[in-house]
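Undergrad: For reference, the structure I am asking about is given below.
None of the figures in this text is laboratory data; all of them are computed from the coordinates on show. A quick note: this is a predicted structure, and the numbers were derived from the prediction, not measured. Positions of Cβ are backbone-derived with ideal geometry, glycine not excepted, and every protein chain shown enters the neighbour counts.
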Amino acid sequence: MARICDIYAKKTIMGAISMTWSLPTLTSSKLPRVNRYSGMAFATVNKDTATLGVKVTEGLGKLPKVVLTSSHGSEAELYLYGGCVTSWKVGSRDLLFVRPDAVFNGQKPISGGIPHCFPQFGPGPMQQHGFARNSDWSIVDSENVDGTPVITLELKDSPYSRSMWDYSFHALYKITLDKKTLSTELKITNTDKKPFSFTTALHTYFSASVSGASVKGLKGCKTLNKDPDPKNPIEGKEERDVVTYPGFVDCVYLGASNELYLDNGLGDIISIKNTNWPDAVLWNPHLTMEACYKDFVCVENAQIGNVDLEPENSWVATQQLSVG
């Protein structure tokens, strides 16, 4: 019998969402289907979904979670809240990291995995890193291509987003899971009648042994080192072939290579490829987060400078994480 999960999303005054889960059973041989109506997302999952590798279920805090499973056995998990990928497993080890202080209450951004920073990276006129990471995304499409599950999420402007950034926009986020690769594509479209500007990043947390972790591919980049004063970063140039995390690290690399290599200190070399993410950020909080700083590093693909987008125009960037 098919399993159907209907997610009814209703905005509250503060932009939070209350979820009602309905689980009827039907017989169907069709691919997963998503219908859109009046701001609600209806995600349909049938009996083939497990083999097709896309499953909608209830996650921590009773938040809706999507589990992707490839025919090769790799697995990824993502939450519709924040459109946040929280797990990527190849074999038994999770290559992503979620902080032990992360909360799953639909109010605060999920601390870990691959959070979105949009339409603002870092501090600025609105809240830190914008609103995409604490907004509810919807499923608009899912498919399976030769054992590779693919799901596409969307985020549109709402009273909540407009309270901080008064523009109409449409964001599409496509996640693809292959044998040893997790790929994402982010597309931002200006659906307003006036131009807007934004900055953005994927704030990726990788599981790591911080004392043994290192990144290659940044030599020659212009740097903006936010240590010790994030409000007055020190300009410089990266001279090292291999960049490590010896203490507190918060550094922007402008004009970074489209492929970096992370040695996570746990025996894995992770290739971080991208298109149209021009910059990179390395971060580790060190003793300011004593409970867990030894267990992760952040290597973030970023767009530090403003993207100026005219009405009806789009900006697209991709990220491809691969483990050897």
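Undergrad: For Val145 and Ser168, calculate 0.36 nm times their separation in residues minus their Cα-Cα distance, and state this gained length in nm to one decimal.
TA: Here the segment from Val145 to Ser168 would lengthen by 5.0 nm.
Undergrad: Structure shown: which of Lys89/Lys294; Lys187/Lys222; Lys194/Lys226; Lys65/Lys180; Lys174/Lys226; Lys62/Lys273 lie over 24 Å apart, alpha-carbon to alpha-carbon?
TA: Lys187/Lys222; Lys194/Lys226; Lys174/Lys226; Lys62/Lys273
Undergrad: Further, regarding this structure: Using amide H atoms built in the peptide plane, which far-off residues or other-chain residues are under 5 Å from Phe296 H to H?
TA: Ala208, Val210
Undergrad: Could you run the Karplus curve 6.51 cos²θ - 1.76 cosθ + 1.60 with θ = phi - 60° over the stretch 311-316 and give me ³J(HN,Hα) per residue in whole Hz, x for Gly and Pro?
TA: x, 6, 9, 10, 10, 10
Undergrad: Mind listing the phi-derived Karplus ³J(HN,Hα) values for the stretch 103-110, rounded to whole Hz, using 6.51, -1.76 and 1.60 with θ = phi - 60°, and x for any glycine or proline?
TA: Rounded to whole hertz, the list is 10, 10, 10, x, 10, 10, x, 6.
Undergrad: Pull out a ≥ b ≥ c, the square roots of the eigenvalues of the alpha-carbon gyration tensor of the stretch 160-231, then state rounded if a/c is under 1.5, prolate if not and a/b is larger than b/c, and oblate in the remaining case.
TA: Since a/c reaches 1.5 but b/c is at least a/b, the shape of the stretch 160-231 is classed as oblate.
Undergrad: Here's something else I'd like to know. Efficiency by 1/(1 + (r/R0)^6): what FRET value for Met126 and Lys219, r their Cβ-Cβ distance, R0 = 30 Å, to the nearest 0.05?
TA: Rounded to the nearest 0.05, the efficiency is 0.30.
Undergrad: HN-Hα J couplings of the stretch 253-264 from phi, Karplus 6.51/-1.76/1.60, θ = phi - 60°, integer Hz, Gly and Pro as x?
TA: With the stated coefficients, the stretch 253-264 comes to 10, 8, x, 6, 4, 7, 8, 10, 10, 9, 8, 7 Hz.
Undergrad: What do you get when you divide the Cα radius of gyration of the stretch 194-309 by 2.2 N^0.38 Å, with N the number of residues?
TA: So the Cα radius of gyration is 1.06 times the expected 2.2 N^0.38 Å.
Undergrad: If a/c stays under 1.5 just call it rounded; otherwise compare a/b with b/c (prolate if a/b is bigger, oblate if not). Do that for the stretch 111-215, with a ≥ b ≥ c from the square roots of the Cα gyration tensor eigenvalues.
TA: Here the stretch 111-215 falls in the oblate category.
Undergrad: Next question, about the same structure. Between Trp277 and residues 5 or more places away or on another chain, which pairs have amide H atoms under 5 Å apart, with H built 1.01 Å from N, and which residues are they?
TA: Residues meeting the amide H criterion: Thr318.
Undergrad: Given axes a ≥ b ≥ c from the Cα gyration tensor, I'd like to know whether the stretch 285-324 is rounded (a/c under 1.5), prolate (a/b larger than b/c) or oblate.
TA: oblate
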